[in-house]
Amino acid sequence: MSSLTELPQIRYEDPLVRIDWQAIDRECWWLPPRLLSLAGVPQFERLDERTRQRLSHLEYVHLLEAGLWLESQFMARLARLAHGCADVDRSARFLHELREEAGHSLMFVELLERSGFGVCTRRGLGMRVVDLLGGLLSSRSALFWAMVVIGEELPDQLNRRLRRGVEEATLSTVVYRIAAIHTRDEAMHCAFAREQCQESAARCPAWQRALLAPALSFAIDLYARYVYFPSVATYARAGLAPTLQWRSLALANPDRRAQVAHMLRPTLEFLKRSGWRVSSRYCPAR
Ligand SMILES: [Fe+2]
Ligand SMILES: [Fe+2]
């Protein structure tokens, strides 16, 4: 668990100067082949390596775009939390996290711009609704901190798997470095979010948690689908057609569903231990 008293020892280094941007390479994998949404699907595995690598670039781009969206939500909230906090240590904790999230977003933008994929600022209806509803939640509420845990941990699980996949294929050194910097910082963010989640859930009456649990389960499925199952636009940009068919194959892909269940399980179990009776269609009970 992170502690506010540990903060003064934290050294901050601008991630933009810690990455050799000249080393961006598109002749390699950006996600390990086994981590692709279509991994194991026979029609996909029959495609040539260049096409499959291209999908790895676009699925990573999707992960960055999801990261940019989630981090923009966190940053807006962290700025307000820091500003409205009378406790100086706590306020510093929020500002430190805000600075780290800004560094992550800057890394994502840098890679997207330099690699030629560009930054997509379009927001789907679902994301705009989540933005709106999220904005209504109080920062002291148990539901808010449970949502923060989900938003922090789901992309982080994918990044951790990416790093472990380095032995499986020739991964882009820049992508690997971004994932390394990001997972290091996120370990602390996730621990802090879990701490706040447990404390706020303990303050929340059981009947209220029971009433809100279906909304939280719905949010988990929404986030999981968004983060782990790229939209048709990703397949279109990767040159895979017909896009709807490829997306359907990904959604039904048993390998992917098993991976998603594995990535979701630690977060679901933590929320259950914190008093939330949540479930997910992507993570059947064992
Ligand atoms: Fe981040
Ligand atoms: Fe974070």
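From the list SER141, SER91, the one residue that fits, being away from ligand 2 (no atom under 16 Å from the Cβ), closer than 30 Å to SER279 by Cβ, surrounded by fewer than 21 Cβ atoms within 10 Å (Cβ to Cβ) and not charged (D, E, K, R), is SER141.
Of the set (1) buried (at least 18 other Cβ atoms within 10 Å of the Cβ); (2) of a type in the set (A, V, I, L, M, F, W, C); (3) within 16 Å of ligand 2 (Cβ to nearest atom); (4) touching a residue at least 40 places away in the same chain (Cβ under 8 Å), all apply to ALA179 but (4).
What residue, of LEU81, LEU38, is of a type outside the set (Gly, Ala, Ser), under 28 Å from LEU171 (Cβ atoms) and at pLDDT 90 or above?
Result: LEU38 is the single residue among LEU81, LEU38 that is of a type outside the set (Gly, Ala, Ser), under 28 Å from LEU171 (Cβ atoms) and at pLDDT 90 or above.
If the condition is being over 23 Å from VAL174 (Cβ atoms) and free of Cβ contacts under 8 Å to residues at least 24 places away in the same chain, then the stretch 136-163 contributes LEU136, LEU137, SER138. Scanning the stretch 114-127 for residues that are within 20 Å of the chain's Cα centre (by Cα) and modelled with pLDDT of 80 or more yields PHE117, GLY118, VAL119, CYS120. Assessment of the stretch 151-171 against the conditions (on the phi < 0 side of the Ramachandran plot, hydroxyl-bearing (Ser, Thr, Tyr) and more than 16 Å from ligand 1 (Cβ to nearest atom)) yields at least one matching residue. Could you check HIS96 against (1) within 22 Å of TYR228 (Cα to Cα); (2) in a helix (DSSP H, G or I) and say which number it fails? Evaluating HIS96 over (1) within 22 Å of TYR228 (Cα to Cα); (2) in a helix (DSSP H, G or I) leaves (1) as the failure.
Filtering the stretch 217-264 to residues that are among the hydroxyl-bearing types (Ser, Thr, Tyr), farther than 15 Å from GLU153 by Cβ and in contact with a helix residue (DSSP H, G or I) (Cβ under 8 Å, 6 or more places away or on another chain) leaves SER231, THR234, TYR235, THR243.
The values are calculated or read from the model by the stated rules, or taken from the named source; none is laboratory data. Remember, it's a predicted structure, so these values are computed and weren't measured experimentally. In this analysis, Cβ positions are derived from the backbone assuming ideal geometry, glycine residues included, and neighbour counts consider all displayed protein chains.
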